[in-house]
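Only one structure is covered here, and it is reproduced in the block below.
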Amino acid sequence: MKDGKLGFGIIGCGVIAPTHRKAIEACAEAEVVAVCDIDEEKGKAFAEESGGAQFYRDYAEILAADDVDVACICTPSGLHADCVIAAAKAGKHAFCEKPLDIDRGRMTAMIAACREAGVKLGCVFQSRTSPDMIKARKTIMAGELGPMVLGDALLKNYRSQAYYNSAGWRGTWALDGGGALMNQGVHGIDLLLWLMNDDVESVFARCDHLVRDIEVEDTCVAALKFKGGAFGTIIGTTSCNPGEARRCELHGKHGTICVNGTKLSRWAVTSEDDGRATEVEPPEEIDGSGGTVGDNKAVTAEGHVFLIDDMVKAIKEDRDPYIIGESARKAVDLILAIYESSRTGQDVPVTSS
């Protein structure tokens with residue numbers, strides 16, 4: 001730490017790295033001091049764009065740097081655990097892009113490594129930072145919708161074949177860990193679980209690559225059974241043309257909340273004598289910005305700013321970050337169960353082991 005600012009080192013200078021940089025630059029108590037990428041030309045260019053930050057080609061070197069307090073993990077998904085565990089062993093805090101990782105055992109190991117080293121592990125699911133989403137979650141947690149009946153996520157994104165061809169790891173099991181669900185849909189799946197305030201007990205699913213020439217799925221449908229008794233569905237794809245705004249629909253005995261992107265689109269609770277729910281406030285105008293459109297060009301830094309600022313405060317106040325590893329892994333655990341169900345044709349329990 002220098003002059004009260006925590007030094008951030010960004011590992012991986014790909015598509016999401018500029019969003020992390022913008023978020024760090026927006027925080028008065030943080031600065032980008034180093035970047036790392038195996039592509040030297042790309043990494044050095046990114047370092048120059050980051051105010052002349054030090055460039056490293058090996059992440060072991062950036063983690064050994066004295067001025068790096070926090071490692072921002074922006075590598076391909078299947079490399080997240082290796083980087084986080086190495087950061088913990090080096091005594092560095094870790095801020096990890098979604099998904100936490102693509103393997104249950106590695107997620108367990110990275111969470112344990114940070115706990116044992118006494119460093120913070122902050123995770124990225126920026127939809128949880130939206131005021132509308134926080135309002136919806138608190139309403140459901142307070143029981144205002146009554147016992148939950150259904151929780152549905154419609155995740156209809158668009159990614160071209162060129163997108164998958166743009167990097168060798170995209171659309172692979174080894175490094176992407178999956179497709180429409182693990183890479184793009186994981187945000188909506190995390191949001192569904194967080195809003196429902198419940199875990200999924202079991203799942204039955206079908207996945208396939210119907211349009212794109214990739215190893216992993218570009219389309220999936222899944223039926224969920226929540227531990228609290230509710231049912232749910234997930235429809236995920238990267239082959240809707242054009243993509244649509246992510247939609248979550250939450251239905252309880254006494255009412256309904258629907259969200260498009262991170263904006264409320266419907267809010268109804270019981271008010272009629274016969275128990276029928278009615279709209280208690282008009283739907284707010286749906287803003288297509290802020291990453292709500294099903295296209296990778298829609299990602300903005302607003303949610304990352306919230307999470308970086310919280311990460312800095314968590315370190316200085318010695319508390320857990322807003323999104324901890326144990327919470328962030330739940331979406332991945334569910335996705336892995338969905339993949340297993342699709343492979344086996346069976347109902348599959350959702351576990352973390």
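If you add up the charges near N197, with Lys and Arg at +1 and Asp and Glu at -1, over every other residue whose beta carbon is less than 14 angstrom from its beta carbon, what do you get? Result for the neighbourhood of N197: +2. The P(r) of the range 197-263 has a tail past 15 Å containing 64 percent of all C-alpha pairs. Evaluated with a Cβ-only charge set (Lys, Arg +1; Asp, Glu -1), the range 130-297 carries a dipole of roughly 280 debye about its Cα centre, given to the nearest 20.
Here Rg and Dmax of the Cα atoms in Å was calculated from the structure, and among (1) 19.5, 61; (2) 20.2, 68; (3) 30.4, 121 it sits at label (2). Cysteine residues of the chain whose C-beta has no other cysteine C-beta under 4.7 angstrom: C13, C27, C36, C72, C74, C83, C96, C114, C123, C240, C248, C258. In the range 130-297, the convex hull through the Cα atoms has an average projected area of 10.2 nm², a quarter of its surface area.
Dipole magnitude for the chain: about 380 debye, using +1 per Lys or Arg Cβ and -1 per Asp or Glu Cβ, origin at the Cα centre. Put the Cα centre of the range 153-195 next to the Cα centre of the range 1-79 and the gap is 24 Å.
Note on K98: aspartates and glutamates with a C-alpha under 16 Å away, same-chain residues under 8 apart excluded, are D82, D176, D190, E302, E326, D333.
Loop-located GluC sites (Glu not before Pro) in the range 172-239 (DSSP state other than H, G, I, E, B) with a sparse environment of at most 12 neighbouring Cβ atoms within 10 Å are absent. Checking every one of the trypsin sites (Lys or Arg not before Pro) in the range 318-353 against DSSP loop status and a limit of 15 other Cβ atoms within 10 Å picks out R319. Between A112 and K135, the contour length at 0.36 nm per residue exceeds the alpha carbon distance by 5.1 nm. Mean residue ellipticity at 222 nm, helices only, the chain: -9500 deg cm²/dmol; runs of at least 4 DSSP H residues each add -39,500 (n - 2.57), and the sum is divided by the number of residues. Distance check, please: which entries in K42/K313; K138/K313; K253/K330; K22/K135; K89/K156; K92/K227 exceed 28 angstrom between their Cα atoms? Cα-Cα > 28 Å for K42/K313; K89/K156; K92/K227; rest within. Taking packing as the residue-averaged number of other Cβ atoms within 10 angstrom, the listed peptides 113-121, 148-156 run from highest to lowest as 148-156, 113-121.
Laboratory data are not the source of any read-out in this text; all were calculated from the coordinates shown. Here the structure is a predicted model, which means the values were calculated and not measured. In this analysis, Cβ positions are derived from the backbone assuming ideal geometry, glycine residues included, and neighbour counts consider all displayed protein chains.
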